[in-house]
Amino acid sequence: MGRTGTDHNAIGQAGTEHNVVGHGTGQAGMFDLAVVGAGPAGMAAALTAADHGLKVVVVDEQQRAGGQIFRQPPEEFTGSVLRPTAGYGWATGLIRRFEADERLTTEFGWSAIGVLYDDALPGGLCLAVNHPQDGTRVIGARRLLIATGAYDLPVAFPGWTLPGVMTAGAVQTLVKAQKIAPVGDVVLAGAHPLLLLVADLLVREGVRVSEVAFAQNIPKPADLLHALGAVPGHVRMLAETGGILARLVRNGVRVSSRTVVTAARGEEHVARVELARVDRRWKVTGTPRAVDASHLVLGYGFSASTELARQIGCDLVYDSPKGGWVVSHDDRLRTSVPGVFVAGEPTGVAGADQSRAEGELAALAIAADLGRDVSATALAEAERGIRTATRFSTVVQRMFEPAREALGDLAGRDTTVCRCETVTRGTLDDFLEASPFVSDVNAVKLSCRTGMGPCQGRYCEGSVGTILASAREQPIGLGGRFSAHLPIKPVPVGDLRTLDSFLDAPPDAPPDGPGGDGSGAVDG
Amino acid sequence: MSESYDVVVVGGGLLGCLTAWMAARDGARVLLVDKDQVNQHASGQNAGSLHFQLEYRMVEAGEEAARVAAEAMPLHLDAAAMWARLEEEIGESLGVRQTGGLMVAENADQVGMLEFKAELERSWGLDVRTLDRSELDTVAPYLSRDIVAANLSALEGKADARIAAPAVARAAVAAGAAVCARTRLTGASHTPTGWDVTLRETDRTGEVRTRTVRTAAVVIAAGVWTTELGQVFGAGLPTVPLALTMTVTSKVPAFIPHLVQHAGARLSLKQSLDKTVLIGGGWPARLMRDADGAPEFDRKHQLIPRSIAGNARAAVNAVPSLERVPAVRSWVGTTTVAPDQLPLVGAVKGAPGVFVATGGSAFTLGPSFARVLTGLLAGRSPDIDLAPYDPARFTEGSTP
Ligand SMILES: Cc1cc2nc3c(=O)[nH]c(=O)nc-3n(C[C@H](O)[C@H](O)[C@H](O)COP(=O)(O)OP(=O)(O)OC[C@H]3O[C@@H](n4cnc5c(N)ncnc54)[C@H](O)[C@@H]3O)c2cc1C
Ligand SMILES: Cc1cc2nc3c(=O)[nH]c(=O)nc-3n(C[C@H](O)[C@H](O)[C@H](O)COP(=O)(O)OP(=O)(O)OC[C@H]3O[C@@H](n4cnc5c(N)ncnc54)[C@H](O)[C@@H]3O)c2cc1C
């Protein structure tokens with residue numbers, strides 16, 4: 001399972017072996033850097049850090065490197081060669097270099113479940129990781145990089161929990177990584193350009209797509225050019241954007257604008273969806289029309305994956321265009337928590353180019369922090385990369401910012417807002433009316449259980465936040481955000497018993513390792 | 001001064017909410033303020049045990065310490081009776097079940113401890129009974145075979161810390177109290193008729209404003225911030241802060257009807273009415289401190305690997321079927337104790353009209369603390385001897 005450059009065991013085989021020691025692992029057992037996420041940000045960071053002599057471990061719960069955008073089919077699909085994603089020419093090279101790099105310790109299939117602190121690791125932190133079969137371990141590291149990516153923005157409306165309702169990202173993953181496509185008539189609805197890409201992907205797989213509904217006016221080709229440059233797809237595909245639209249129309253796909261899905265209907269599975277006209281702020285104006293559909297694919301955009309950052313206690317800031325709550329950081333990608341850095345989508349959903357650039361800069365900052373020589377040119381180059389990427393991404397972010405208030409209004413009294421705990425909008429409304437002293441989402445969470453389930457609130461935070469904001473006539477940001485706790489993904493109580501078993505770093509520390517020098521201290 | 005009250009309650013934990021509710025029922029004009037939201041600190045983070053037996057932390061330091069801790073028993077017995085009728089009086093569920101609490105033992109030493117405890121507790125009027133292994137087979141079949149005996153207190157049980165304080169706050173509002181969140185008491189000055197207190201509040205636009213209100217009396221129900229508030233009123237209220245760890249599981253079919261504690265290990269567990277299992281027992285977390293070592297209660301405190309692991313081991317040892325149950329979150333809560341394990345309850349010396357209660361199992365004891373404080377506010381003489389809980393007992397002589 002795990003792979004390391006040396007012969008040292010990785011956690012995969014750990015069990016009771018010598019590499020797992022009880023608490024008390026000293027500084028020698030620590031990695032210099034633990035990276036969570038092997039997408040563009042995490043891969044770039046790990047390689048850059050290794051280039052500067054850091055002992056690096058990368059943890060990703062997927063089976064292979066690549067992250068969301070370059071998700072690779074499982075290795076068992078032997079026929080599948082890594083196809084270069086056009087426009088991201090660097091991607092193939094980055095993944096190949098990453099996979100071949102002997103210096104890195106990689107742990108695929110392991111989820112990072114939280115960060116703890118142990119007095120036995122002064123100046124370090126303990127990254128807890130869990131594997132469905134192999135249990136729980138902690139990894140001691142001097143620095144942590146959060147490169148956990150993003151996920152589809154969930155929107156609650158009547159019927160959204162019916163089987164057959166899927167997110168664009170999930171469909172893309174199914175088709176790309178698992179080679180499975182939905183069967184039947186598909187309707188796609190949302191506001192993000194990824195919808196067009198997914199519609200195109202489905203049409204090419206031979207799936208019948210009946211309609212693609214955009215909440216805003218259909219982006220003009222010029223808008224799309226900007227948009228796709230920063231988020232999905234790639235430069236060469238930009239030229240094809242118009243082509244996608246044309247191809248969809250040619251295949252009998254209706255592409256509508258100013259249209260929002262207000263309900264999904266069906267007994268045990270989606271059979272019909274209701275689409276309604278909306279105004280410029282996405283408020284429903286007309287009576288919905290029904291469209292038969294076996295699947296509804298939603299694509300309203302992305303939310304930054306910030307559970308780990310929240311669990312650690314990093315400050316977040318509310319920035320709707322950037323994807324809601326994003327992790328605060330300085331110009332070297334340091335978070336508010338000493339020793340913890342962030343790169344990629346958790347800083348704001350900005351696409352693969354920016355993720356990679358941020359990964360590089362974060363690694364350089366970490367190397368400098370740990371006393372390595374970092375050239376000014378390298379830093380300047382990484383910063384330039386971020387500036388370039390940001391020019392695109394801010395355009396996209398502004399253009400495709402979801403009208404969250406209107407989306408919040410889609411949930412009716414009986415609509416389940418929190419799927420994990422099956423809490424309806426009506427329960428929330430009644431609670432808020434009876435409890436005028438409540439004005440924060442965590443107070444709502446504690447009383448109503450919304451966000452208390454295994455997903456840590458990532459599915460309902462947006463809905464709860466907008467419902468609270470409109471009930472209290474306060475800005476969404478003032479209502480706060482759900483806190484997250486270890487384990488950020490559930491693990492059996494029995495697995496927590498080994499939370500004090502450390503995975504040691506490979507013993508051959510680079511000669512210039514910082515040892516116990518004060519500059520490495522994490523906890524102030 | 002436009003705004004005036006009979007009492008300002010500082011703190012929207014269970015204690016503050018109960019006090020505001022009871023005082024409002026008494027006819028007082030009450031303002032409750034919390035710097036954050038109702039129930040966001042200890043009262044919403046704790047294990048929800050209603051424990052009346054002496055806890056492990058009270059007996060681990062030896063028999064003499066246990067005897068001192070037992071002096072809180074009158075408050076416990078009062079609380080046990082109050083919890084039994086609280087839901088009816090509030091008119092909402094607080095998740096209360098007093099279906100018995102077991103303190104379990106695994107070896108002869110621990111059984112000896114149970115015997116000593118039971119005798120001490122009975123001498124204070126708490127009914128406890130020691131169950132042997134064969135009785136446990138029928139009463140608590142979910143317990144590990146390694147458990148050889150347990151003390152049962154029929155009054156013990158649980159309430160739901162998640163919902164209790166907000167429900168009481170709603171009752172307080174219904175009784176006429178004003179409840180203001182995001183409102184921090186930052187200053188106080190003594191007046192001939194009481195106090196002018198300064199409140200810093202964040203309004204719905206995010207703007208921060210300051211106002212002063214006049215009040216005859218003040219109740220400090222501020223948990224770990226008690227010492228800080230004491231200073232605002234010029235009084236010494238020393239408390240010892242603790243950061244403790246809790247873990248909760250996903251929902252599983254009901255199988256643990258009791259509160260379960262351990263005579264020789266840090267462990268408390270119970271199944272809430274939501275069917276989640278709450279695991280705690282006093283495992284430490286790292287309390288955040290500033291450069292000078294002063295605690296910083298507004299920061300996020302840190303989990304310690306050994307504590308989570310140790311707590312999980314203790315839980316699975318006692319209830320083996322928990323091994324495969326998903327844990328969904330572990331968190332840190334902060335609370336106060338006093339050096340002698342007894343609470344601080346009563347009038348604050350040197351600050352006329354100011355009252356305080358905190359320390360120890362203040363969730364369990366919340367109702368009796370609130371009843372005592374409400375009585376003091378109304379000028380009634382307490383029916384429980386408060387001398388052992390005198391807030392000034394550690395500062396006597398040292399205050400100028
Ligand atoms: C479903 C989906 C599809 C997308 N499709 C496209 C697309 O086609 N084109 C495009 O340009 N952009 C797409 N995006 C946006 C995309 O996220 C970024 O462009 C790019 O992948 C971001 O890189 P990153 O390194 O920041 O994060 P990611 O690539 O998302 O990498 C994050 C990695 O972290 C891992 N991870 C997260 N949390 C944990 C944890 N707790 N423990 C262990 N591992 C963890 C994940 O498994 C993932 O591999 C998509 C996003 C999503 C969510
Ligand atoms: C992990 C854990 C488990 C526990 N388990 C149990 C148990 O099972 N049984 C039990 O009986 N006890 C238990 N306790 C103890 C119990 O939780 C506390 O004693 C009790 O909740 C204290 O309630 P409180 O209302 O006094 O304080 P809190 O609930 O802490 O409320 C104090 C409030 O005061 C507010 N405040 C502070 N300063 C100001 C200010 N200047 N202005 C305005 N507002 C202010 C705060 O914001 C806070 O909301 C546990 C404690 C912890 C941490």
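The values are calculated or read from the model by the stated rules, or taken from the named source; none is laboratory data. All values reported here derive from a predicted model rather than from experimental measurement. Because the Cβ atoms are built from the backbone with ideal geometry, glycine has one as well, and the counts that use them run over all protein chains shown. When the accessible area is computed, the model is the full protein with side chains, heavy atoms only, and any ligands, DNA or RNA have been set aside. Shrake-Rupley method; radii C 1.70, N 1.55, O 1.52, S 1.80 Å.
Determine whether region B:61-80 contains at least one residue that is within 11 Å of ligand 2 (Cβ to nearest atom) and among the charged types (D, E, K, R). Checked against the condition, which is being within 11 Å of ligand 2 (Cβ to nearest atom) and among the charged types (D, E, K, R), region B:61-80 yields no hits at all. Filtered by the rule that a residue be assigned to a loop (DSSP other than H, G, I, E, B) and in contact with a His (Cβ under 9 Å, 6 or more places away or on another chain), region A:472-510 gives A:500, A:501, A:504, A:505, A:506, A:507, A:508. Residues in region B:8-28: is at least one among the aliphatic types (A, V, I, L, M), touching a helix residue (DSSP H, G or I) at 6+ places or on another chain (Cβ under 8 Å) and more than 22 Å from residue B:386 (Cβ to Cβ)? Yes, because at least one residue in region B:8-28 is among the aliphatic types (A, V, I, L, M), touching a helix residue (DSSP H, G or I) at 6+ places or on another chain (Cβ under 8 Å) and more than 22 Å from residue B:386 (Cβ to Cβ).
Only one of the listed residues (B:254, B:243) is within 14 Å of chain A (Cβ to nearest Cβ) and either surrounded by fewer than 18 Cβ atoms within 10 Å (Cβ to Cβ) or within 30 Å of residue A:488 (Cα to Cα) (or both). That residue is B:243. Here residue B:332 meets each of (1) more than 10 Å from chain A (Cβ to nearest Cβ); (2) in contact (Cβ under 8 Å) with a residue 60 or more places away in the chain; (3) crowded, with 21+ Cβ neighbours inside 10 Å; (4) within 30 Å of residue B:389 (Cα to Cα) with one exception, condition (1). Filter region A:277-314 down to the residues that are within 30 Å of the chain's Cα centre (by Cα) and aliphatic (A, V, I, L, M) and list them by number. Answer for region A:277-314, where residues must be within 30 Å of the chain's Cα centre (by Cα) and aliphatic (A, V, I, L, M): A:278, A:284, A:293, A:296, A:297, A:298, A:304, A:308, A:309, A:312.
Selection of helices (runs of 4 or more DSSP H) fully inside region A:389-471 by the criterion of at least 1 residues being in contact (Cβ under 8 Å) with a residue 60 or more places away in the chain and under 21 Å from the mean Cα position of the chain (by Cα) returns A:404-409.
Taking region A:446-460, which residues are closer than 29 Å to residue B:203 by Cβ and open to solvent by 10 Å² or more (accessible area, probe 1.4 Å)? Residues satisfying the conditions are A:446, A:447, A:448, A:449, A:452. For residue A:177, indicate whether it is more than 14 Å from chain B (Cβ to nearest Cβ) and aliphatic (A, V, I, L, M). Spelling it out, residue A:177 is indeed more than 14 Å from chain B (Cβ to nearest Cβ) and aliphatic (A, V, I, L, M). Candidates A:505, A:434, A:471, A:509: the one that is open to solvent by 30 Å² or more (accessible area, probe 1.4 Å), of a type outside the set (Phe, Trp, Tyr) and modelled with pLDDT under 95 is A:509.
If you check residue A:159 against the conditions, is it within 30 Å of residue A:402 (Cβ to Cβ) and of a type in the set (Gly, Ala, Ser)?
Against the criterion (within 30 Å of residue A:402 (Cβ to Cβ) and of a type in the set (Gly, Ala, Ser)), residue A:159 qualifies.
Screening residue B:308 with (1) surrounded by 24 or more Cβ atoms within 10 Å (Cβ to Cβ); (2) touching a Gly at 6+ places or on another chain (Cβ under 7 Å) gives one miss only, at (2).
Among the conditions (1) out of contact with any helix residue (DSSP H, G or I) (no Cβ under 6 Å at 6 or more places or on another chain); (2) at pLDDT 95 or above; (3) open to solvent by 20 Å² or more (accessible area, probe 1.4 Å); (4) within 7 Å of chain B (Cβ to nearest Cβ), the only one that residue A:481 does not satisfy is (4).
If you scan region A:104-129, which residues turn out to be within 10 Å of chain B (Cβ to nearest Cβ) and of a type outside the set (A, V, I, L, M, F, W, C)?
Passing the criteria: A:114, A:117, A:118, A:119.
Within region A:318-372, the set of residues being open to solvent by 40 Å² or more (accessible area, probe 1.4 Å), in a loop (DSSP other than H, G, I, E, B) and within 16 Å of ligand 1 (Cβ to nearest atom) comprises A:329 only.
Sub-9 Å Cβ pairs linking a first residue in region B:211-238 that is over 20 Å from residue B:20 (Cα atoms) to a second residue that is assigned to a loop (DSSP other than H, G, I, E, B) and within 10 Å of ligand 2 (Cβ to nearest atom), at least 6 apart or interchain, are B:228/B:222; B:228/B:297, ordered by first then second residue.
Do we find that residue B:119 is more than 14 Å from chain A (Cβ to nearest Cβ) and touching a helix residue (DSSP H, G or I) at 6+ places or on another chain (Cβ under 9 Å) in this structure? No; evaluated as a whole, the condition is false for this residue.
Scanning region A:373-396 for residues that are among the β-branched types (Val, Ile, Thr) and open to solvent by less than 40 Å² (accessible area, probe 1.4 Å) gives A:374, A:386, A:396.
Return a yes/no flag: does region B:158-172 have any residue that is surrounded by fewer than 24 Cβ atoms within 10 Å (Cβ to Cβ) and away from chain A (no Cβ under 14 Å). Within region B:158-172 (the criterion being surrounded by fewer than 24 Cβ atoms within 10 Å (Cβ to Cβ) and away from chain A (no Cβ under 14 Å)), the answer is no, since none of the residues qualifies. Has region A:131-145 got any residue that is more than 22 Å from residue B:306 (Cα to Cα), open to solvent by less than 20 Å² (accessible area, probe 1.4 Å) and more than 16 Å from ligand 2 (Cβ to nearest atom)? Scanning region A:131-145, I find at least one residue that is more than 22 Å from residue B:306 (Cα to Cα), open to solvent by less than 20 Å² (accessible area, probe 1.4 Å) and more than 16 Å from ligand 2 (Cβ to nearest atom), so the answer is yes. Residue B:151 fulfils the conditions (1) surrounded by fewer than 23 Cβ atoms within 10 Å (Cβ to Cβ); (2) more than 16 Å from ligand 2 (Cβ to nearest atom); (3) away from every other protein chain (no Cβ under 14 Å) except for a single criterion, (1).
Of the residues in region B:50-66, none is closer than 30 Å to residue B:104 by Cα, within 13 Å of chain A (Cβ to nearest Cβ) and more than 16 Å from ligand 1 (Cβ to nearest atom).
Quickly run through region B:285-295 and pick out the residues that are open to solvent by 60 Å² or more (accessible area, probe 1.4 Å) and more than 9 Å from every other protein chain (Cβ to nearest Cβ).
B:289, B:292
When residue B:192 is tested against (1) under 21 Å from residue A:440 (Cα atoms); (2) without any contact (Cβ under 8 Å) to a residue 24 or more places away in the chain, just one condition goes unmet, and that condition is (1). Scan region B:184-197 and tell me whether some residue there is more than 15 Å from ligand 2 (Cβ to nearest atom), open to solvent by less than 30 Å² (accessible area, probe 1.4 Å), modelled with pLDDT of 95 or more and at positive phi. The answer is yes, given that some residue of region B:184-197 is more than 15 Å from ligand 2 (Cβ to nearest atom), open to solvent by less than 30 Å² (accessible area, probe 1.4 Å), modelled with pLDDT of 95 or more and at positive phi. Checking region B:45-58 against the condition returns no match, with no residue being within 6 Å of ligand 2 (Cβ to nearest atom), polar (S, T, N, Q) and under 21 Å from residue B:218 (Cβ atoms).
Look through B:81, B:24, B:65 and report the one residue that is over 19 Å from the mean Cα position of the chain (by Cα) and over 28 Å from residue B:318 (Cβ atoms).
On the way: B:81 fails: over 19 Å from the mean Cα position of the chain (by Cα); B:65 fails: over 28 Å from residue B:318 (Cβ atoms).
When all the criteria are applied, what remains is B:24.
Kindly indicate whether residue B:230 is in contact with a Gly (Cβ under 8 Å, 6 or more places away or on another chain) and open to solvent by 20 Å² or more (accessible area, probe 1.4 Å). Criteria not met by residue B:230.
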